[in-house]
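The values are calculated or read from the model by the stated rules, or taken from the named source; none is laboratory data. Quick caveat, the model's predicted, so the values are computed rather than measured. Don't worry about glycine lacking a Cβ; one is built from the backbone with ideal geometry, like all the others, and counts go over all protein chains shown.
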Amino acid sequence: MFDSLLIANRGEIARRVIRSARALGIRTVAVHSEADAGALHVRDADEAVAIGGPRPADSYLNAVAILAAAATTGAQAVHPGYGFLSENPGFARAVEDAGLIWVGPSAESIAAVGDKISARNLMAAIGVPVLGGSEEPLKDAGEALAAAQVIGYPVIVKASAGGGGIGMRIAADDAALGTAFEATRGQAERFFGDGGILVERYLPDARHVEVQILGLADGRVVALGERECSVQRRYQKVVEESPSPAVDDALRARMLTAAVRAGESIGYRSAGTVECLVSDGDFVFLEMNARLQVEHPVTELVTGIDLVAAQLRIAAGAEPGFDPDAVVADGHAIELRVYAEDPKRFLPSPGTIAEWVEPAGEGIRVDAGYTCGDEVTPFYDPLLAKLSVWGPDRDAAVARGQDAVAAFRIAGPKTNLPFLAEVLAHESFRSGAYTARLVDQMRA
């Protein structure tokens, strides 16, 4: 095992990685922007290095500054967390070229699934079911219209290099598709520097279900169950749970087998996620995330596996810390993402936190990036914390989630806690019979 680790991230995920590293006896190095000089992840780490201004481009996306921090502090490995540079194959390669250990999949694996079109074509080639869609980047609205005529409406327009729900629009006819194509291409160029666009069949009543995989140091790929991620606003997940209420044992077996096949096809190592759409009792591949997911705590709660510790061990060439042939899911877990945002319009709400009281008790876990007195700036995603709960069954987990949301007190910025309470109380959610359109229906 290596002795020191630099975490190339911020907020709750940086703190999460520090916690597992410390348990393994690994010294931790935090990096931070000017805006995060007093942040919790900086206070938690054994050492911290300033890497630039408050804008992500000047700090958390500044690969040169991050590698310089690793050299200065003598860090032996780099964990990227999620977001920022976590799925940048160039950064992964630069870390290894600098003689450091990259805690994640290889640059080649990241590149293989980083483009949605290439990933979709790869999955189709190995027999994983995919949606009908364009097999090459579409150059203009005319090509998009021709593709839609073959696929059939409604369609979803996506940025091929996109992520996090950015660059996605639904079109129900030719007129809407033309507008959606131009808007999505512009957004893709601004956010990702890549105007590649694809069009896929849109399933309006589908559910978003993903499979957690782990590529081991010996080359094996194991699946650690599925997570339901259908509660979304602006195509971004807000509530996740495991197991999915929509997946029976037969469908689960097929999905897990396909996810393992997907990982094996690209020699996957470390934690990753195969995302799918589930509809009418079957599934299709959506995309693959070559990193640790925000919602990994629900898998940890039902399996008892520390995924971050497993990542660190795998990166060091060691066993993952659990028996891959004896993974058993127990009970039900739900994660609720607590954001500094208006609970009605979902717009960011920066400001100083005047009160912060976390819920506590059996089956309650809080992964927080902030506390009382901290400033929520407009520079980063407004995720404040992840509130996760476990229960022996789904009803118990929902009830525990309701109690925990009610007990979580945050004053200063507006938060989405009232919205989370609304979700947990909603009839469709409580029954488990909801789809990815739940939030739209709640706000209709």
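At-a-glance table
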{"item": "Filter result (buried (at least 20 other Cβ atoms within 10 Å of the Cβ) and more than 20 Å from Gln293 (Cα to Cα)) within the range 102-129", "result": "Ile117, Met123, Val128"}
{"item": "Residue identified as under 22 Å from Thr377 (Cα atoms) and of a type outside the set (Lys, Arg) among Gly90, Gly52, Gly99", "result": "Gly52"}
{"item": "Within the range 300-327, tally of residues that are of a type in the set (Asp, Glu) and either closer than 16 Å to Glu228 by Cβ or not in a loop (DSSP other than H, G, I, E, B) (or both)", "result": "1"}
{"item": "Condition met for Leu424 (in a strand (DSSP E or B) and not small (Gly, Ala, Ser))", "result": "no"}
{"item": "Filter pass, Pro297 being buried (at least 22 other Cβ atoms within 10 Å of the Cβ) and in a loop (DSSP other than H, G, I, E, B)", "result": "no"}
{"item": "Out of Tyr268, Tyr235, sole residue that is touching a residue at least 40 places away in the same chain (Cβ under 8 Å), over 20 Å from Gly165 (Cα atoms) and aromatic (Phe, Trp, Tyr)", "result": "Tyr268"}
{"item": "Identity of the residue in the range 193-219, under 29 Å from Ala171 (Cβ atoms) and charged (D, E, K, R), that ends up surrounded by the fewest Cβ atoms within 10 Å (Cβ to Cβ)", "result": "Asp205"}
{"item": "Top-ranked residue of the range 68-84 - restricted to ones that are part of a loop (DSSP other than H, G, I, E, B) and among the hydrophobic types (A, V, I, L, M, F, W, C), ranked as surrounded by the fewest Cβ atoms within 10 Å (Cβ to Cβ)", "result": "Phe84"}
{"item": "Yes/no for Glu87 being touching a Phe, Trp or Tyr at 6+ places or on another chain (Cβ under 9 Å) and in the same structural domain as Ala14 (by TED's automatic domain parsing)", "result": "no"}
{"item": "Among residues of the range 267-324, those that are more than 28 Å from Ala125 (Cβ to Cβ) and of a type in the set (Asp, Glu), counted", "result": "5"}
{"item": "Strands (runs of 3 or more DSSP E) wholly inside the range 328-416 containing at least 1 residues that are more than 21 Å from Asn9 (Cβ to Cβ), acidic (Asp, Glu) and in contact (Cβ under 8 Å) with a residue 40 or more places away in the chain", "result": "355-357"}
{"item": "Answer from Arg185, Arg169, Arg190, Arg207 - the residue that is under 19 Å from Met288 (Cβ atoms) and basic (Lys, Arg)", "result": "Arg207"}
{"item": "Filtered residues of the range 70-89 (kept if under 14 Å from Gly99 (Cα atoms) and either among the hydrophobic types (A, V, I, L, M, F, W, C) or without any contact (Cβ under 8 Å) to a residue 24 or more places away in the chain (or both))", "result": "Ala70, Ala71, Thr72, Ala75, Ala77, Val78"}
{"item": "Odd one out for Ala119, checked against (1) modelled with pLDDT under 95; (2) in a loop (DSSP other than H, G, I, E, B); (3) hydrophobic (A, V, I, L, M, F, W, C)", "result": "(2)"}
